[in-house]
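A short write-up of the structure that comes next.
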Amino acid sequence: MPTQSPIDITRGALVPLGPGPALTFRYPVGPVAVTVRFEVKDGDPAAGGVVVAPQVVVVPQEGEARVDVGEAVYQLQSLHWHTPSEHWLEGRPLPLELHLVHRRPEDGALLVLGVLYREGARNAGVAPAFDLIGGFDPAALAPDRAQEVAASLSLARLLPEARTTYRYPGSLTTAPFSEGVSWVVFTEVLEASPEQVAAHDRLVSAPTPACGSRPHPPGNARRLQDPAGRRIETDLALG
Ligand SMILES: [Zn+2]
């Protein structure tokens, strides 16, 4: 059976986290230098024609942050957002989702952290990046070259305080849709302001020269995939 992402996270699919190595988030609290890029990735042809997915990508220096799974170390490579969210909760999408992409250097294995946001207060953690994205110009986004700006960001402030998670085996949600990705979605939903959500959505929904004549629906979320009987492990107390 295919094990593609994203999926709807539903109560009925949750099972208690099995025995296994503990997850440790080693994220620096202080600000680190990052590059904020606006670029286009290939999307999901199965959604109807070739679809492109514009993204705002934040790239830190190598080795700034990592997730340890027991003895295994996954280094943070980059992070990006989706409007609306890609993962759903109980049958509903949220306005915004953050993906933090980690890679194990030895074998290239991927672990992606997901953070969901509801609309509410302005999110100070994402603000150093989101305050800059208004400067990007979709009308001038070249196919082969991202727009870039330097910024400084506290990576730890991007994560929820509660460290309970949903975990399931899935895939990348943009090309090449590789499977074998360990998904870890935080159970705590953060807030972002309507203005922040709108600023991101405006950018990723706009036509760009990089998209050419290819169809480009609003937002940059891949549609839900068949859970195909997958169980979602959680360390939340299941009542
Ligand atoms: Zn993503």
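The values are calculated or read from the model by the stated rules, or taken from the named source; none is laboratory data. Everything numeric here is computed off the predicted structure, so don't read it as measured data. A quick note on method: Cβ atoms are made from the backbone with ideal geometry, for glycine too, and the neighbour counts reach across all protein chains shown.
As an exercise: evaluate residue 188 against (1) within 16 Å of the ligand (Cβ to nearest atom); (2) farther than 20 Å from residue 55 by Cβ; (3) not in a strand (DSSP E or B) and give the number of the one condition it does not meet.
Unmet for residue 188, out of (1) within 16 Å of the ligand (Cβ to nearest atom); (2) farther than 20 Å from residue 55 by Cβ; (3) not in a strand (DSSP E or B): (1).
Among (1) of a type in the set (S, T, N, Q); (2) modelled with pLDDT of 95 or more; (3) more than 16 Å from the ligand (Cβ to nearest atom), which single condition is residue 213 missing?
Status for residue 213: all satisfied but (2).
Out of (1) part of a strand (DSSP E or B); (2) at pLDDT below 90; (3) of a type outside the set (Asp, Glu), the odd one out for residue 37 is which?
That leaves (2) as the condition not met.
For residues that are among the small types (Gly, Ala, Ser) and under 17 Å from residue 59 (Cβ atoms), scanning just segment 140-155, find the one that is modelled with the lowest pLDDT.
Our first condition is that a residue be among the small types (Gly, Ala, Ser); within segment 140-155, this holds for 140, 142, 146, 150-152, 154.
Then drop every residue that is not under 17 Å from residue 59 (Cβ atoms), which leaves 146, 150-152, 154.
Working: 146: 89, 150: 95, 151: 95, 152: 95, 154: 96.
Taking the candidates together, the pick is 146.
Does residue 119 satisfy the condition of being in contact (Cβ under 8 Å) with a residue 60 or more places away in the chain and more than 15 Å from residue 26 (Cα to Cα)?
Considered against the rule, which asks whether it is in contact (Cβ under 8 Å) with a residue 60 or more places away in the chain and more than 15 Å from residue 26 (Cα to Cα), residue 119 comes out as yes.
Being under 29 Å from residue 234 (Cβ atoms) and free of Cβ contacts under 8 Å to residues at least 12 places away in the same chain narrows it down to one residue among 108, 125; which is it?
108
Matching residues to (1) at pLDDT below 95; (2) under 24 Å from residue 63 (Cα atoms):
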| residue | (1), (2) |
| --- | --- |
| 138 | yes, no |
| 170 | no, no |
| 184 | no, yes |
| 189 | no, no |
| 196 | no, no |
| 206 | yes, no |
| 233 | no, no |
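Condition first: among the hydroxyl-bearing types (Ser, Thr, Tyr), at pLDDT 95 or above and either over 16 Å from the mean Cα position of the chain (by Cα) or surrounded by fewer than 17 Cβ atoms within 10 Å (Cβ to Cβ) (or both). Can you find one or more residues in segment 6-13 that meet it? Step through it out loud before you land on a result.
Kept after step one, since they are among the hydroxyl-bearing types (Ser, Thr, Tyr), are these residues of segment 6-13: 10.
Next cut, at pLDDT 95 or above only: 10.
Of the ones still in play, those that are also either over 16 Å from the mean Cα position of the chain (by Cα) or surrounded by fewer than 17 Cβ atoms within 10 Å (Cβ to Cβ) (or both) are 10.
Yes, that holds for at least one residue.
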